[in-house]
Amino acid sequence: MKHTILLVMSMLCAALTFAQHNQFKGKVIDQNEKIPLADVNIKTNFGESVFTNTNGEFSVKCGDTLRIKINHVGYRSVDQYFTCNNSKTIEILLKSQAEVFETIDVTATSNPNKSQLEHPNSIVKIDHLAMKRSTGLYLDDAINTNVPGVTMQRRTQSGGQQINIRGYGSGMGFKGVSNNFDGQGVKMYLNGIAITDAEGITVMDDLDFGSVSNTEILKGPSGTLYGMAISGVVNMKTDQALKNKTSIAQEVMTGSYGLLRSTTRLSIGGKNASLLVNYGHQEFDGFMDHTASQKEFMNMIGDFRLNDRQSITTYLGYADSYDERNGELTQGQYDTLNYSGNARYIQNDAHSAIKTFRAGIGHTYKFNKHFSNTTSFFGSSQSMNNSSAGGWTDKQPLNFGLRSVLEMNFDLSEKVKLSSITGIEAQKSINQSIGYKMGADSTNLDGYNIITSIKSNQMTESSTYSYFTQWTAHLPLQFSLTAGVGVSNMQLSLEDRLWGLNNNQPGNNTLKVYENSYNNLVSPTFAINKKINKVASVYASYSTGYKAPVSGNILISTTGELNTGLKPEKGSQIELGTKGSFLNNKLFYTVAVFNTRYEDKFTTIAVQNPENTATLYSYLVNGGNLNNNGLEIYASYKAIESKENFITLLQPFANFTYSDFKYEDYQFERVGENDLGEDIVIVDDYSGNAVAGVPPVVFNAGVDLETKIGLYGNIYYNYRSSMPYTSDGLNETNAYNLLNAKIGFRRNIKQFELNVYTGANNITGEQYYNMVFVNQLPDAYIPAPNEINFFGGVNLKYTF
């Protein structure tokens, strides 16, 4: 009996010992991208601390119950229990959370590792939390609060948007001759579909920002991978259906000045396919005369997994957008709070109307662990009509193209790895633009002006293509080297279809068709990155990019004159930076210093009406160089992050931007008069002046709060210093401070999800602007509401 007891005890001890030393095998994967994550720190309740390998795999000792804690830069923390009786490798999914992220998509960089510390450049991600801090309807609200070095303005309540990245933009050529309605210099994508057309023009009036779940911004010249992207890249992604879940949702928001937004959403998610259908209706009465807005949106997003190697994603979208405009205010009007607008704009029923159909399909094929290809085809068709002080314009643009990228990954040795992307992007745009003069309606003299005669009819065809390759070598001692080159080309053809009215006579040398091309624009990039103890990194990078003139720059539609001789702008940037995550990944930071130079920068020359009360039109010339030096800092701190506490998330954040941007060899020609009243050319030299349209100091700070019972909220502060809005430095805006807040309640009740919220913008009633026009006096300001305004809504979702 004694021997039996000893034998049983020995067996129990052996079993316990075996259990204590059993191994738990896991693999950490990015939840959205489904790719392994390397260098993730794994901590257990047995005191172990290990890091995942390049395949995202790890192994730790395991007892009866294993508790794993994971904190990784850019992702939500994990605190989870596992049993140790499973011999299979367990997948652990990490969900992205941080505002700053390091890739646009899997094919955006030659470094496939998702860790922020691996990427030697400035890519900022605005996640879902940051996108919805306010109403979630206006992208500029999110960008201006969360992205250091980037500002976004809008001409109307939800149209005429312009993006300024590190000093490129704000009236110095980014507006082109159609400065009221488009942006240039930035490449924009939605679900991988190019929003920017073949000429490099980006119109955002018809985009439903309310359905965008996250936005990523690459700052600085990006010509290597994105062609004509002289200032940066913006990539937006919409909501997608969750796997194996089917739901229907209804969202309603109301607010000051007649704001109303209604969204109806159907989401069907299966094991290998998902479909999301989204319909949105949005309207706004306006806080000034003639500033109403109305929009209808329809989006359909489908994702299909054909097999282990192939997947397809699709997007279909339709938008009907109409925004009234009452013109820019003069400095005097703005200072005296006279928000009545510009009479000439209102008399011409100034507006921007766009109907758009947009579609795209992408296919990914993974040949093996070394090679994969992603190819997407996209296109859009639009019907546009706009009116302003200068008249009426109809446009019918058609745009289509493709982007194809081959990814390669090789292990040259145990410590040296090589990865790359090589690809091509091509687009073609066809557009007919007809300009009209406007005059009084003799049948209704008290009504709006009407079209009275045609003044221009132009047919343009533009095509652009770029091919690129970029390679990253992962070296010992946690170094990596990146090098790449892109080659961009553009062809323009412009036909004046009214040529025969004034030029159909012998000996006339005026061109009927104007063609030009800008070829072999080479954009190299180089970078070095060094990780420090897997919690920080330092990097240095050099990048370049171009922006070629567009057809609207070549021919002045208002007068029918050709504007020849323009050459592409060139941008080059040197950036030094560091990123890191300390205090158990609670404190995250990024710091970047840069010098960005723009050569042969376009500048706008404005032509006034005879009364000098409004700008009739503008055109471009190569005006000189910009030398932009800047400092950008971002930090966030997860003071509390726990599912068990009453406060589940308490996260303060702040960012700071300092811009020292100067003109170099910058001369501006304008028409003046001599003592005899005769027209003469006056040359203004702005060399050494501060670049107009950029506030030298920008600061944002706020805090996000979430609780276990469902209460949540935020409060955030925006500061903009004064800035010059004429290149001579004689006219400046006032600095302003904004305070905004939002509070809500979320609750899951069986299969229902309820979200009720309310918020307030401009709590202190500060006077500030939505947009300031540069070098366009007397027109200058598009004001924002100078009093507190409110919004609130209810979201209800049912999951089957």
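The values are calculated or read from the model by the stated rules, or taken from the named source; none is laboratory data. Here the structure is a predicted model, which is why all the values come from computation and not from measurement. Don't worry about glycine lacking a Cβ; one is built from the backbone with ideal geometry, like all the others, and counts go over all protein chains shown.
Scanning the range 191-202 for residues that are under 19 Å from S321 (Cα atoms) and modelled with pLDDT under 90 yields a single hit, I201.
Let's see how each residue does on (1) more than 30 Å from V513 (Cα to Cα); (2) part of a strand (DSSP E or B); (3) among the small types (G, A, S):
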residue: S442; (1), (2), (3): yes, no, yes
residue: G447; (1), (2), (3): yes, no, yes
residue: I451; (1), (2), (3): no, yes, no
residue: S463; (1), (2), (3): no, yes, yes
residue: F468; (1), (2), (3): yes, yes, no
residue: S480; (1), (2), (3): yes, yes, yes
residue: A483; (1), (2), (3): yes, yes, yes
residue: S488; (1), (2), (3): no, yes, yes
residue: S493; (1), (2), (3): no, yes, yes
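Scanning the range 454-471 for residues that are over 20 Å from G227 (Cα atoms) and of a type outside the set (G, A, S) yields I454, K455, N457, Q458, M459, T460. Residue check: S404 meets all listed conditions (1) out of contact with any strand residue (DSSP E or B) (no Cβ under 8 Å at 6 or more places or on another chain); (2) in a strand (DSSP E or B) but one, namely (1).
Against the condition in contact with a Lys or Arg (Cβ under 7 Å, 6 or more places away or on another chain) and either free of Cβ contacts under 8 Å to residues at least 12 places away in the same chain or under 18 Å from A229 (Cβ atoms) (or both), how does Y546 come out, does it pass? It is true that Y546 is in contact with a Lys or Arg (Cβ under 7 Å, 6 or more places away or on another chain) and either free of Cβ contacts under 8 Å to residues at least 12 places away in the same chain or under 18 Å from A229 (Cβ atoms) (or both). Regarding L94, is this residue under 30 Å from T596 (Cα atoms), out of contact with any Gly (no Cβ under 6 Å at 6 or more places or on another chain), of a type in the set (A, V, I, L, M) and modelled with pLDDT of 70 or more? Against the criterion (under 30 Å from T596 (Cα atoms), out of contact with any Gly (no Cβ under 6 Å at 6 or more places or on another chain), of a type in the set (A, V, I, L, M) and modelled with pLDDT of 70 or more), L94 does not qualify. Being within 22 Å of the chain's Cα centre (by Cα) and not in a loop (DSSP other than H, G, I, E, B) is a description that does not apply to A353. Per the conditions (1) out of contact with any Lys or Arg (no Cβ under 9 Å at 6 or more places or on another chain); (2) at pLDDT below 85; (3) crowded, with 20+ Cβ neighbours inside 10 Å, the sole criterion not satisfied by Q667 is (3). As a summary of the residue check, F791 satisfies the conditions (1) modelled with pLDDT under 95; (2) in a strand (DSSP E or B) except for the one numbered (1). Return the only residue of K579, K534, K530, K570 being modelled with pLDDT of 90 or more, among the basic types (K, R) and over 27 Å from the mean Cα position of the chain (by Cα). Testing whether each residue is modelled with pLDDT of 90 or more, among the basic types (K, R) and over 27 Å from the mean Cα position of the chain (by Cα) leaves just K530.
Condition first: among the charged types (D, E, K, R) and either out of contact with any helix residue (DSSP H, G or I) (no Cβ under 7 Å at 6 or more places or on another chain) or surrounded by 15 or more Cβ atoms within 10 Å (Cβ to Cβ) (or both). Now tell me which residues in the range 40-82 satisfy that. Within the range 40-82, K43, E48, E57, K61, R67, K69, R76, D79 meet the criteria. Name the residue that is nearest to the chain's Cα centre (by Cα), counting only residues in the range 163-190 that are part of a loop (DSSP other than H, G, I, E, B) and at pLDDT 90 or above. For the range 163-190, the residue satisfying everything is R166. Inside the range 352-378, residues that are surrounded by fewer than 21 Cβ atoms within 10 Å (Cβ to Cβ) and more than 17 Å from N299 (Cβ to Cβ) make up a count of 14.
Summed over the range 726-756, residues that are in contact (Cβ under 8 Å) with a residue 40 or more places away in the chain, in a strand (DSSP E or B) and not acidic (D, E) total 5. Can we say Y712 is of a type in the set (S, T, Y), closer than 30 Å to K245 by Cα and in contact (Cβ under 8 Å) with a residue 24 or more places away in the chain? The answer is yes for Y712. In the range 396-421, the qualifying residues are those that are charged (D, E, K, R) and within 25 Å of the chain's Cα centre (by Cα), and the one that is nearest to T525 (Cα to Cα) is E407. Taking the range 28-39 as the range and being farther than 27 Å from N645 by Cβ, surrounded by 16 or more Cβ atoms within 10 Å (Cβ to Cβ) and not aliphatic (A, V, I, L, M) as the test, the residues that pass are P36, D39. If you go through the range 299-313 and pick out every residue that is within 18 Å of K366 (Cα to Cα), part of a strand (DSSP E or B) and of a type outside the set (K, R), you end up with 6.
For the range 585-610, taking the residues that are of a type in the set (S, T, N, Q), modelled with pLDDT under 85 and surrounded by fewer than 20 Cβ atoms within 10 Å (Cβ to Cβ), the one that is nearest to Y666 (Cα to Cα) is identified as Q608. Consider R358 carefully, then state whether it is touching a helix residue (DSSP H, G or I) at 6+ places or on another chain (Cβ under 8 Å) and not hydrophobic (A, V, I, L, M, F, W, C). When the stated conditions are applied, R358 does not pass them.
Candidates in the range 101-132 are the residues that are touching a Phe, Trp or Tyr at 6+ places or on another chain (Cβ under 6 Å) and part of a loop (DSSP other than H, G, I, E, B); of these, the one that is modelled with the lowest pLDDT is S110.
On the stretch given as the range 271-293, residues that are over 28 Å from P783 (Cβ atoms) and either surrounded by 15 or more Cβ atoms within 10 Å (Cβ to Cβ) or in contact with a helix residue (DSSP H, G or I) (Cβ under 8 Å, 6 or more places away or on another chain) (or both) total 7. Between N529, N516, the distinction of being over 28 Å from K428 (Cβ atoms), assigned to a strand (DSSP E or B) and assigned by TED's automatic domain parsing to the domain that holds K395 belongs to N529 only. Only residues that are under 27 Å from L306 (Cα atoms) and assigned to a strand (DSSP E or B) were counted across the range 358-401, and they come to 21.
Within the range 221-247, residues that are on the phi > 0 side of the Ramachandran plot have Cβ atoms under 8 Å from residues that are of a type in the set (D, E) in these pairs: G227/E425, counting only partners at least 6 apart in sequence or on another chain.
Per the conditions (1) surrounded by fewer than 20 Cβ atoms within 10 Å (Cβ to Cβ); (2) in contact with a strand residue (DSSP E or B) (Cβ under 9 Å, 6 or more places away or on another chain); (3) on the phi > 0 side of the Ramachandran plot; (4) of a type outside the set (A, V, I, L, M, F, W, C), the sole criterion not satisfied by G765 is (2).
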